[in-house]
Amino acid sequence: MRRGWLAAVALVVAACSGGSDDDGDPARDAGPPRDAGVRDSGVVADAGSRDGGTPDAGFEPQMAVDVPLDTPHEMLSSYHFFRTIDGRFDYNERVVPYGLNTELFSDFALKDRALYVPTGTAAVYAELDAFDLPVGSAIIKTFSFAPDLREPDVGRRPIETRVLVRKPGGWEAFPYVWDEAGEDARYFVRGQVQTFELIDPSGNERTARYLIPQKNQCVECHQLEDEAGDRYITIIGPKARHLNRTRDYGAGEVNQLEHLASLGMLAGLPSLTDVPTAFPLETLRDTSTTALDFATLEAAARDYLDINCAHCHNPAGTNGQTSRLYLNVDNTSAFNLGVCKEPGSAGGGAGGLRFDIVPGDADRSILVYRTETENVGEMMPLLGRSLKHDLGAKVVRAWIDAMPPMPCQ
């Protein structure tokens, strides 16, 4: 449960006022980096895509999904997760698309997420942690760009798809890069940077230096450490609080969690009244932060930081362990949240500032500086963005400015 701000501040008043590998896989060349804008491939992931239960008339049923537990497929199409029909992703049976209440920002990339669970098995519900998915499951996440994000389905084309496969020994990430025609994606472990000229959702012209991570970089966001000191890969998005929202699967709006449960793909789901819900950040896009009360700002900012930063900044994450900055939503220590806390590992990325959060003063807070800057090596997250996420940064800034002022010494 998230504590209110005033209760958390009481925990740190005294502290604030008194001192202070190479995986060995062969690299496959997916072609040179693309730049100078985004072209239309004719493939657009439809927000109303079905879960694949009934194929469109005129199309033969797809082959069964094939998730290898040893060597990844060379081509993404070989998994049979989806096919493209009239410019849409149409998912196969038991490959269920889903959305998140608050998304992880990636240079305004458009994202299509889907979950596959083998027949006869189910994910296990957890209130706060990522769901426990059975061996053979997969998370499929496709990143696309469009020239004008005010019209995201016009000229939209896929750039990369990341497949996380649940193996007997844990999760493993397989990266795929799409061809220019948007017909298929090839396994590509080396990573690359592609440049895109785009118009953001607010109508501003932006240039993204979009990173397709190399395979070994996946651990930087997905790796945690258990109590024995062993490191393991985890998933980020499939958590109850992020999935607790509605979606149209072809027969009207239904709750995503209840839909998964009805398909036999999620076990242990309690009443929705007992399921937490992350703040839907996009609902604030056209809202002035001055019109929001503190409780709303805190909920929106904490949930934004939770999904964008807490996969590293948590007690089990590498960055959390070195910095002692915990941005996970269930952290109740204001000091570990950054209040009047000097950074443990920011180095030259602190922008000349001293404290992670100075209550009531966003301009003096390192957390705000690193959320807003576009300087390489100083922006946070370190991977996954080259541009400032205006909406997320606006909410974090407003939250800190709205905190009861407190001197940090």
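Summed over segment 378-409, the residues that are at pLDDT 90 or above and touching a helix residue (DSSP H, G or I) at 6+ places or on another chain (Cβ under 7 Å) give a count of 18. Based on this model, can you work out whether Asn319 counts as at pLDDT below 90 and in a loop (DSSP other than H, G, I, E, B)? When the stated conditions are applied, Asn319 does not pass them.
Scanning segment 256-301 for residues that are part of a helix (DSSP H, G or I) and of a type in the set (Ser, Thr, Tyr) yields Ser262, Thr273, Thr283, Thr289, Thr290, Thr296. Between Arg157, Arg113, the distinction of being of a type in the set (Lys, Arg), buried (at least 21 other Cβ atoms within 10 Å of the Cβ) and under 23 Å from Gln192 (Cβ atoms) belongs to Arg157 only. From the residues in segment 324-363 that are at pLDDT below 95, among the hydrophobic types (A, V, I, L, M, F, W, C) and in a helix (DSSP H, G or I), which one is surrounded by the most Cβ atoms within 10 Å (Cβ to Cβ)? This residue is Ala334.
Within the set Leu100, Leu128, Leu149, Leu115, the sole residue that is within 26 Å of Glu180 (Cα to Cα), assigned by TED's automatic domain parsing to the domain that holds Lys239 and in contact with a helix residue (DSSP H, G or I) (Cβ under 8 Å, 6 or more places away or on another chain) turns out to be Leu115.
For segment 224-252, the candidate set comprises residues that are assigned to a strand (DSSP E or B) and modelled with pLDDT of 75 or more; within that set, the residue that is surrounded by the most Cβ atoms within 10 Å (Cβ to Cβ) is Lys239.
Please verify whether segment 94-117 includes one or more residues that are within 17 Å of Arg186 (Cα to Cα) and either at pLDDT below 85 or in contact with a Phe, Trp or Tyr (Cβ under 8 Å, 6 or more places away or on another chain) (or both). No, that holds for no residue.
The values are calculated or read from the model by the stated rules, or taken from the named source; none is laboratory data. Note that the coordinates shown come from a computational prediction; the quantities given were computed from them, not determined experimentally. Cβ coordinates were reconstructed from backbone atoms using ideal geometry, including for glycine residues, and neighbour counts include every protein chain displayed.
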